[in-house]
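**Q** Pasting in a structure now, in structure tokens, and then I'll have a few things to ask.
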Amino acid sequence: MQPRIAIVYFSSSGVISQVASHLAEGAAAQDAEVRVRALGAHGRPAEPTLDDLDWAEGLLIGTPTWFGNIAAPLKAFLDTTSPLALHGRLADKPVTGFTSASLPNGGQEAALLALYHTMFHWGSLIVPTGYTHPVLRRIGGNPYGLSLTAPSSGELTPDQVEAARFVGGRITRTARQLRPTGPRQLRDFWPADTSPRPAGTLAAADSRRP
Ligand SMILES: Cc1cc2nc3c(=O)[nH]c(=O)nc-3n(C[C@H](O)[C@H](O)[C@H](O)COP(=O)(O)O)c2cc1C
């Protein structure tokens, strides 16, 4: 069976969109079934939903580096994932991050580490790029995830395209290796919080935090 791979991203000016499409090519070349989902994008693929994250056996999550951090629209989406995280639906899934910034040392590493904070809480299996392919060194050598310096031409360089295809393929191979042999167990990581809440606040189940 084909590994199910979801690529979820935010892109303001199109660099991360390009990366996402080449990640998808790399995943498809390894026989993945791929969903590409873009946040807040007109004329681009559909918006991500929690179902996309639940459906996927491997996740690639991307954001431009904004002030050395992840972009707020992606953070807002990640902050809706409690219903999945609370039941362990994202645990044990391989996930890797991708980012771009205008400068070679513009904060890409910090942005990827900030992105991974959420995945630590999900209990996902973070798959760093390391130096698993020579092209990763050629595009800058950030081992924390796929990391680009935005090309001044607006078009990704051949090395950047190759790196994205490699990373898309690698997460697919990882998802295939880690595929559960039986049905996934629903695990309630957070027992119901029965403490009283003032009227008008979120229901107890929704206000629990991973
Ligand atoms: C609000 C904002 C903050 C940014 N912060 C940084 C930064 O900290 N370092 C950097 O090198 N580039 C920064 N940039 C530039 C973007 O990271 C860069 O252009 C990126 O490739 C854009 O990706 P996108 O085209 O997918 O939106 C920033 C851009 C914006 C709009």
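A short reminder: the numbers here are calculations on the coordinates, not readings from a lab. For clarity, every value in this text was computed on a predicted model and none was experimentally measured. Using ideal geometry, Cβ is built from the backbone for each residue, glycine included, and neighbour counts are taken over all protein chains shown.
**Q** Which one of these is free of Cβ contacts under 8 Å to residues at least 12 places away in the same chain and more than 13 Å from the ligand (Cβ to nearest atom): 33, 25, 47? Spell out the reasoning first.
**A** Values: 33 fails: free of Cβ contacts under 8 Å to residues at least 12 places away in the same chain; 25 fails: free of Cβ contacts under 8 Å to residues at least 12 places away in the same chain.
Result: 47 is the single residue among 33, 25, 47 that is free of Cβ contacts under 8 Å to residues at least 12 places away in the same chain and more than 13 Å from the ligand (Cβ to nearest atom).
**Q** While we're on this one: Quick check on the stretch 34-88: of everything there that is among the hydroxyl-bearing types (Ser, Thr, Tyr) and in contact with a Pro (Cβ under 9 Å, 6 or more places away or on another chain), which residue is farthest from residue 119 (Cα to Cα)?
**A** Among those residues, the one meeting the criterion is 63.
**Q** Taking the stretch 92-150 as the region of interest, how many residues are under 17 Å from residue 19 (Cα atoms) and of a type in the set (Val, Ile, Thr)?
**A** Final tally of qualifying residues: 7.
**Q** Pull up the stretch 64-87, narrow it to residues that are of a type in the set (Phe, Trp, Tyr) and surrounded by 17 or more Cβ atoms within 10 Å (Cβ to Cβ), then point me to the one that is nearest to the ligand (Cβ to nearest atom).
**A** 66
**Q** Right, here's the next one. Among the residues of the stretch 1-12, which ones are near the ligand (Cβ under 8 Å from one of its atoms) and free of Cβ contacts under 8 Å to residues at least 60 places away in the same chain?
**A** 11, 12
**Q** Would you please name the residue that is farthest from the ligand (Cβ to nearest atom), looking only at residues in the stretch 13-22 that are small (Gly, Ala, Ser) and not in a loop (DSSP other than H, G, I, E, B)?
**A** Step by step, filter the stretch 13-22, then rank; the result is 21.
**Q** Same structure, new question: Scan the stretch 89-133 residue by residue and report those that are crowded, with 21+ Cβ neighbours inside 10 Å and within 16 Å of the ligand (Cβ to nearest atom).
**A** Hits for the stretch 89-133 are 97, 98, 99, 100, 101, 108, 111, 112, 115.
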